[in-house]
Amino acid sequence: MAFIDMGAENLSVNIYSNGQMNFSRMTTSGGNIIDKNIAREYDTTLEDAEKMKKQYCDLLEENNFKKMEQLNGIIKEDVNNWIEEINRILQFYKNKQVGNKVDKIFIHGGSSRLKGIEAYMSRALNVPVVRVKSMSNIILGKDVDKEQLDLYLNAIGAIIRL
């Protein structure tokens, strides 16, 4: 299985087998590239571009608003570039040793919240893709927003290792 941290500056792909990390690679771009491309295309600030991305992104295009086609096109172009990089990483891992394979991908981090990204990536990579939304072995305080858990997986992992 693979875990992909979809961060602002890059995507971190970590592949595990039998409870051990076997392979790790980072891509050259992350969620900020989408914001930059939206800001450039719409001549707006990065902050407004990020808001547009969060509010209107629909990779499965279920909201079919003509106005949103251009925005989704910009986002899809960058997500497709990520998918190509992820696919190259998975193929390299697979070809590295007989028997290597990834049968499921877990995504987390800010860009994993793009609407429709799980299904979009799953179709393109032919592997089930699931956004991490909870962890059964982590007890959260009552004031903690469970919807934000995926944003803190790296910190949680670091604490567990202590």
List every residue pair whose Cβ atoms lie under 7 Å apart, where the two residues are 6 or more positions apart in sequence or sit on different chains, the first residue falls within the stretch 22-34 and is within 9 Å of residue 85 (Cβ to Cβ), and the second residue, located anywhere, is of a type in the set (A, V, I, L, M, F, W, C) and modelled with pLDDT of 95 or more.
25/13; 25/89; 27/11; 27/82
Out of curiosity, is residue 55 closer than 26 Å to residue 14 by Cα and surrounded by fewer than 18 Cβ atoms within 10 Å (Cβ to Cβ)?
no
For the stretch 124-134, state whether one or more residues are surrounded by fewer than 13 Cβ atoms within 10 Å (Cβ to Cβ) and at pLDDT 95 or above.
yes
Quick one: in the stretch 86-120, which of the residues that are over 18 Å from residue 15 (Cα atoms) and hydroxyl-bearing (Ser, Thr, Tyr) is surrounded by the fewest Cβ atoms within 10 Å (Cβ to Cβ)?
120
Taking the options 89, 139, 105, 83, name whichever one is more than 19 Å from residue 49 (Cα to Cα) and modelled with pLDDT under 80.
139
How do the pairs read when you match residues in the stretch 88-104 that are farther than 17 Å from residue 20 by Cα with residues anywhere that are not in a loop (DSSP other than H, G, I, E, B), using Cβ under 6 Å and keeping only pairs 6 or more apart or on different chains?
89/13; 89/25
From the list 76, 54, 115, exactly one residue is farther than 23 Å from residue 24 by Cβ, within 17 Å of the chain's Cα centre (by Cα) and outside any helix (DSSP H, G or I). Which is it?
115
Sort out which residues of the stretch 11-21 are loosely packed, with under 14 Cβ neighbours inside 10 Å and not in a loop (DSSP other than H, G, I, E, B), and write them in order of number.
20, 21
Screening 49, 8, 2, 39 for residues that are surrounded by 13 or more Cβ atoms within 10 Å (Cβ to Cβ), of a type in the set (Gly, Ala, Ser) and free of Cβ contacts under 8 Å to residues at least 12 places away in the same chain leaves only 39
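The values are calculated or read from the model by the stated rules, or taken from the named source; none is laboratory data. From a predicted model like this one, the values you see are computed outputs, not experimental measurements. Reconstructed Cβ throughout: ideal geometry from the backbone, glycine too, with neighbour counts over all protein chains shown.
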